[in-house]
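K.L.:
I am attaching a structure below and will ask some questions about it afterwards.
The values are calculated or read from the model by the stated rules, or taken from the named source; none is laboratory data. Note that the structure is predicted; figures quoted are calculated from it, not measured. Please note: Cβ atoms are built from the backbone with ideal geometry, for glycine as well, and neighbour counts cover all protein chains shown. Side chains included, ligands, DNA and RNA excluded: accessible areas come from the protein's heavy atoms. Shrake-Rupley method; radii C 1.70, N 1.55, O 1.52, S 1.80 Å.
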Amino acid sequence: GTVRSPQTAGDRIVYGLDHLQSPVELHAISARGGTPLHLTDLNHDRLAAVRMGAPEQFTFEGANGETVHAYLVKPVDFDAKKKYPVAFLIHGGPQGSMANDFHYRWNPQAYAGAGYAAIMVDFHGSTGYGQAFCDAIRGDWGGKPLEDLQKGLAAALQKYSFLDGDKVAALGASYGGFMINLINGKTDRFDALVCHDGNLDERMAYFNTEELWFPEWEHGGTP
C-alpha cells in the first residue's frame with residue numbers, strides 16, 4: 001500500500017495507510033520496528049457494502065529498453081471467460097504515480113465497478129524509480145511517456161486474454177489530459193478519449209499559472 005503523513009507519538013510512529021482496495025486508515029508502529037498496529041477501521045461498514053476489483057502489478061520493456069511498471073485492476077465479479085472493455089488511466093504530474101493507493105480523484109475501482117478492466121502505467125517521468133527516470137522526460141513530454149503508454153497497453157493486451165482490445169478508452173487529467181490531447185493527434189488506437197484540464201498550448205499556459213517550475217524546468221526556460 002501507500003504510507004501517508006507519518007508522525008511521532010511518544011515512542012511510536014502513527015501513519016495513514018491505504019491501498020487499491022481500502023481508503024486511508026490509521027496505523028502505528030514502534031519506533032524500534034516490529035508489528036504494526038491497526039488503530040482505526042472507519043470504513044469497515046462501507047467497504048463491507050461494496051464489491052471491488054482485484055489489483056495486480058505487471059512489468060514490460062518501455063522506452064530506452066527500461067523496465068516500466070503498471071497496475072491492472074480487474075472488473076468487479078470478474079469472469080476469466082468473458083471479455084472486458086479497458087479504461088486506460090493516465091496520471092498527472094508528470095512527476096506522479098498510479099501506485100497501490102486509494103486515489104480520491106481517479107480511482108480505478110470506479111471503473112472496475114462499472115465493468116471495465118482498469119490499466120495504469122507508471123511511464124517515464126513517474127516517481128518511484130529514482131531521479132534519473134523522473135528527469136528523463138525533461139524536454140520530452142510527448143516522447144518517452146507516449147512510447148511507454150503504447151507499449152504498456154500492448155503488453156497488457158498480450159498478457160491478459162480477457163481484455164477487449166477493440167474497446168479501449170484512455171482517460172487523463174492535468175499532464176494526463178495533456179497526454180490525451182497528444183494521443184488525439186498522434187494515433188487512432190483508442191475508441192474514446194476523456195481529457196480533464198489538459199493543456200492544449202504549453203506556451204500560453206506559462207502566462208495563466210503561478211506554477212512556473214514546470215515550464216521553466218521541463219521545457220528549458222521561459223517562452
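K.L.:
Which residue pairs have Cβ atoms under 7 Å apart, sit 6 or more places apart or on different chains, and have a first residue in region 78-102 that is basic (Lys, Arg) and a second that is surrounded by fewer than 17 Cβ atoms within 10 Å (Cβ to Cβ) and at pLDDT 95 or above?
P.N.:
Lys82/Phe162; Lys83/Phe162; Lys83/Asp164
K.L.:
Find the strands (runs of 3 or more DSSP E) located wholly in region 115-223 whose residues include 2 or more that are in contact (Cβ under 8 Å) with a residue 40 or more places away in the chain, and list them.
P.N.:
117-122, 163-173
Results for (1) open to solvent by 60 Å² or more (accessible area, probe 1.4 Å); (2) of a type outside the set (A, V, I, L, M, F, W, C), shown as yes or no for each residue.
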{"residue": "Tyr111", "(1), (2)": "no, yes"}
{"residue": "Tyr116", "(1), (2)": "yes, yes"}
{"residue": "Met120", "(1), (2)": "no, no"}
{"residue": "Ser126", "(1), (2)": "no, yes"}
{"residue": "Glu147", "(1), (2)": "yes, yes"}
{"residue": "Tyr160", "(1), (2)": "no, yes"}
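So that you can scan it fast, the table gives a plain yes or no per residue for (1) closer than 20 Å to Tyr160 by Cα; (2) open to solvent by less than 40 Å² (accessible area, probe 1.4 Å); (3) modelled with pLDDT under 95:
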position: Ile90; (1), (2), (3): yes, yes, no
position: His103; (1), (2), (3): no, no, yes
position: Pro108; (1), (2), (3): yes, yes, no
position: Lys144; (1), (2), (3): no, yes, no
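K.L.:
Condition first: open to solvent by 80 Å² or more (accessible area, probe 1.4 Å) and without any contact (Cβ under 8 Å) to a residue 60 or more places away in the chain. Now tell me which residues in region 49-58 satisfy that.
P.N.:
Ala49, Gln57
K.L.:
Right, here's the next one. Being in contact (Cβ under 8 Å) with a residue 60 or more places away in the chain, touching a helix residue (DSSP H, G or I) at 6+ places or on another chain (Cβ under 9 Å) and either within 17 Å of Gly152 (Cβ to Cβ) or crowded, with 20+ Cβ neighbours inside 10 Å (or both): is that true of Asn64 here? Even if it seems obvious, please write down each step before you answer.
P.N.:
Numbers: in contact (Cβ under 8 Å) with a residue 60 or more places away in the chain: yes; touching a helix residue (DSSP H, G or I) at 6+ places or on another chain (Cβ under 9 Å): yes; either within 17 Å of Gly152 (Cβ to Cβ) or crowded, with 20+ Cβ neighbours inside 10 Å (or both): yes.
Here the answer is yes, as Asn64 does meet what is asked.
K.L.:
Also, I was wondering about something else. Can you pull out every residue in region 74-97 that is among the small types (Gly, Ala, Ser) and assigned to a strand (DSSP E or B)?
P.N.:
The one that is among the small types (Gly, Ala, Ser) and assigned to a strand (DSSP E or B): Ala87.
K.L.:
Among the residues of region 45-73, which ones are touching a Phe, Trp or Tyr at 6+ places or on another chain (Cβ under 8 Å), more than 15 Å from Ser126 (Cα to Cα) and part of a loop (DSSP other than H, G, I, E, B)?
P.N.:
The answer is Gly53, Ala54.
K.L.:
Another one. Tell me yes or no: at least one residue of region 197-219 is touching a strand residue (DSSP E or B) at 6+ places or on another chain (Cβ under 7 Å) and at pLDDT below 95.
P.N.:
Checking region 197-219: at least one residue is touching a strand residue (DSSP E or B) at 6+ places or on another chain (Cβ under 7 Å) and at pLDDT below 95.
K.L.:
I need a count of the residues in region 10-48 that are in contact with a strand residue (DSSP E or B) (Cβ under 7 Å, 6 or more places away or on another chain), open to solvent by less than 60 Å² (accessible area, probe 1.4 Å) and not charged (D, E, K, R).
P.N.:
Total meeting the criteria: 14.
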